[in-house]
């Protein structure tokens, strides 16, 4: 029964948010509260759920609020327009190529003692940059959480690190 109430709570929350008839804060507060009351929890238990949950997410929520505000101001001032314009010009509007260049840029540009810039000019990089960048772009297989425990002998392959 608790599972059905949880699914009903999530579905009704999604519908209310998608319809957009009210400010998002109201459904985010009232729908889970109604679901908890419908499930038979008292106000004391709901208060405990609230304080425990708030204690777990407050630092991340603060970081998100700061990041959204910070990058929103940067976007409004036009800081990213030259970067985006250069990417569009270099890739001639090919979104897949732009993404691939962005995704591989740390290992292609700094991955060796020398690399090639997007303009095709040879760029010399210090040798220690190669080791530092390789550590970030090609971490050991066992560091990925889905590759198994370090002592399990798992040989799961993760192709996303290459």
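Annotations for the structure displayed:
- Condition check for residue 96: under 25 Å from the mean Cα position of the chain (by Cα), modelled with pLDDT of 90 or more and exposed (fewer than 11 other Cβ atoms within 10 Å of the Cβ): no
- In this entry, residue 31 is excluded by the filter for residues that are under 30 Å from residue 99 (Cα atoms), surrounded by 11 or more Cβ atoms within 10 Å (Cβ to Cβ) and either in contact with a helix residue (DSSP H, G or I) (Cβ under 9 Å, 6 or more places away or on another chain) or outside the structural domain of residue 102 (by TED's automatic domain parsing) (or both).
The values are calculated or read from the model by the stated rules, or taken from the named source; none is laboratory data. From a predicted model like this one, the values you see are computed outputs, not experimental measurements. A quick note on method: Cβ atoms are made from the backbone with ideal geometry, for glycine too, and the neighbour counts reach across all protein chains shown.
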